[in-house]
Amino acid sequence: MTLTEENYIKAIYHLGSNGEKNVNTNAIATALETKASSVTDMIKKLSEKGYADYKKYQGVTLTGEGKRVALNIIRKHRLWEVFLVEKLNFSWDEVHEVAEHLEHIKSEKLIDELDVFLGSPSHDPHGDPIPDKAGNFKHIEKIVLAKAETGSVYKCVGVDDTSSEFLKYLDSNSIALGTIITIKHKEPYDNSVKIEFDSKEIVVSQNVAKNLYLKKV
């Protein structure tokens, strides 16, 4: 399997809500920054190889084998992110791009040994679950800050936006995984949210509020 084929399979998995929904070619083209015609050609190739199920005008889903491949790529990506943060002192805003390259390493033994070396972590530095070798992973009940209840207390458990810009924003405001946050006020005018943590209050924008995952405590 080529690097490009792996990237398509991973994109289809993520865009299709973990492989459960049909994904249209335009969404894939946007995600991978390519032409819709190129997407159609690749999807047909993946279908011929048994990784995808494509129906014209309905979109594409992954087959069981396609999901297995996607979860294996995701497992490698997230294990490498843990390694980079915990062992090489990368910050969480630096690891995604590096892991994008490392996830294509083919050696199963290397990944299995990496998993053991790291103590079989259940989540990556951004709070995303790491599939085990069989493709199983733990689901966390979580909501975005934008949907949190005013007056309630939550723990930060993940981010939807893993861009360097967003993670640096969180760092600059001392918000990290595990931070305990109280929802003080939601502003109807612009959907900003006032939150309290570590004995201080700040107001975050709607864009931040829809990209920060919380779990009620």
- line: Restricting attention to region 55-97, the residues that are closer than 18 Å to THR4 by Cα and in contact with a helix residue (DSSP H, G or I) (Cβ under 6 Å, 6 or more places away or on another chain) number exactly 8
task: Among residues belonging to region 124-154 that are farther than 30 Å from GLU187 by Cα and surrounded by 18 or more Cβ atoms within 10 Å (Cβ to Cβ), point out the one that is modelled with the lowest pLDDT.
output: PHE137
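Considering each residue of region 79-131, count those that are part of a loop (DSSP other than H, G, I, E, B) and not polar (S, T, N, Q), and give that number. Break it down stepwise before answering.
Here is the first cut: in region 79-131, the ones part of a loop (DSSP other than H, G, I, E, B) are 87-94, 103-107, 118-122, 124-128, 130-131.
Still in the list and also not polar (S, T, N, Q): 87-88, 90, 92-94, 103-106, 118-119, 121, 124-128, 130-131.
Here the count works out to 20.
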query: From the residues in region 1-13 that are in contact (Cβ under 8 Å) with a residue 12 or more places away in the chain and farther than 15 Å from ASP53 by Cα, which one is least open to solvent (accessible area, probe 1.4 Å)?
result: GLU6
- request: Among the candidates GLU20, GLU65, single out the residue that is part of a helix (DSSP H, G or I), under 30 Å from SER120 (Cβ atoms) and of a type in the set (Asp, Glu).
  value: GLU65
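So, in region 149-174, how many residues would count as being under 11 Å from LEU214 (Cβ atoms) and out of contact with any Phe, Trp or Tyr (no Cβ under 6 Å at 6 or more places or on another chain)?
Looking only at region 149-174, we keep the residues that are under 11 Å from LEU214 (Cβ atoms), and these are 149, 152-159.
Subsequent filtering for residues that are out of contact with any Phe, Trp or Tyr (no Cβ under 6 Å at 6 or more places or on another chain) retains 149, 152-156, 159.
Matching residues across region 149-174 total 7.
Can you spot a residue in region 107-116 that is open to solvent by 60 Å² or more (accessible area, probe 1.4 Å), among the aliphatic types (A, V, I, L, M) and either closer than 30 Å to TYR8 by Cα or modelled with pLDDT under 95 (or both)?
Taking region 107-116 as the starting set, the residues that turn out to be open to solvent by 60 Å² or more (accessible area, probe 1.4 Å) are 108-110, 113, 116.
Next, from what is left, pick out any that are among the aliphatic types (A, V, I, L, M): 110, 116.
Keeping just the survivors that are either closer than 30 Å to TYR8 by Cα or modelled with pLDDT under 95 (or both) gives 110, 116.
So far as region 107-116 goes, yes, one or more of its residues are open to solvent by 60 Å² or more (accessible area, probe 1.4 Å), among the aliphatic types (A, V, I, L, M) and either closer than 30 Å to TYR8 by Cα or modelled with pLDDT under 95 (or both).
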- prompt: Regarding PRO125, is this residue under 14 Å from the mean Cα position of the chain (by Cα) and touching a residue at least 12 places away in the same chain (Cβ under 8 Å)?
  reply: yes
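Listed here are the residues, each with its yes/no results for (1) in a helix (DSSP H, G or I); (2) among the charged types (D, E, K, R); (3) within 15 Å of the chain's Cα centre (by Cα).
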position	(1), (2), (3)
GLU6	yes, yes, no
ASN26	yes, no, no
THR34	no, no, no
SER38	yes, no, no
ILE43	yes, no, no
LEU46	yes, no, no
- request: Could you please find all residues in region 17-59 being touching a Lys or Arg at 6+ places or on another chain (Cβ under 7 Å) and open to solvent by less than 60 Å² (accessible area, probe 1.4 Å)?
  value: GLY19, ALA29
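Assess whether SER37 counts as being of a type in the set (Ser, Thr, Tyr) and free of Cβ contacts under 8 Å to residues at least 12 places away in the same chain.
On the way: of a type in the set (Ser, Thr, Tyr): yes; free of Cβ contacts under 8 Å to residues at least 12 places away in the same chain: yes.
Answer is yes for this residue.
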statement: For region 128-149 the number of residues that are over 17 Å from the mean Cα position of the chain (by Cα) and in contact (Cβ under 8 Å) with a residue 24 or more places away in the chain is 4
- prompt: Is it true that some residue in region 66-74 is touching a strand residue (DSSP E or B) at 6+ places or on another chain (Cβ under 6 Å), surrounded by 13 or more Cβ atoms within 10 Å (Cβ to Cβ) and at pLDDT below 95?
  reply: no
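Does VAL157 fit the bill of being assigned to a strand (DSSP E or B) and either without any contact (Cβ under 8 Å) to a residue 40 or more places away in the chain or surrounded by fewer than 15 Cβ atoms within 10 Å (Cβ to Cβ) (or both)?
Values: assigned to a strand (DSSP E or B): yes; either without any contact (Cβ under 8 Å) to a residue 40 or more places away in the chain or surrounded by fewer than 15 Cβ atoms within 10 Å (Cβ to Cβ) (or both): no.
Taking the combined requirement at face value, the residue does not satisfy it.
The values are calculated or read from the model by the stated rules, or taken from the named source; none is laboratory data. For clarity, every value in this text was computed on a predicted model and none was experimentally measured. Every residue, glycine among them, receives a Cβ derived from its backbone with ideal geometry; neighbour counts consider all protein chains shown. Heads up: the accessible areas ignore ligands, DNA and RNA and are worked out on the full protein's heavy atoms, side chains in. Shrake-Rupley method; radii C 1.70, N 1.55, O 1.52, S 1.80 Å.
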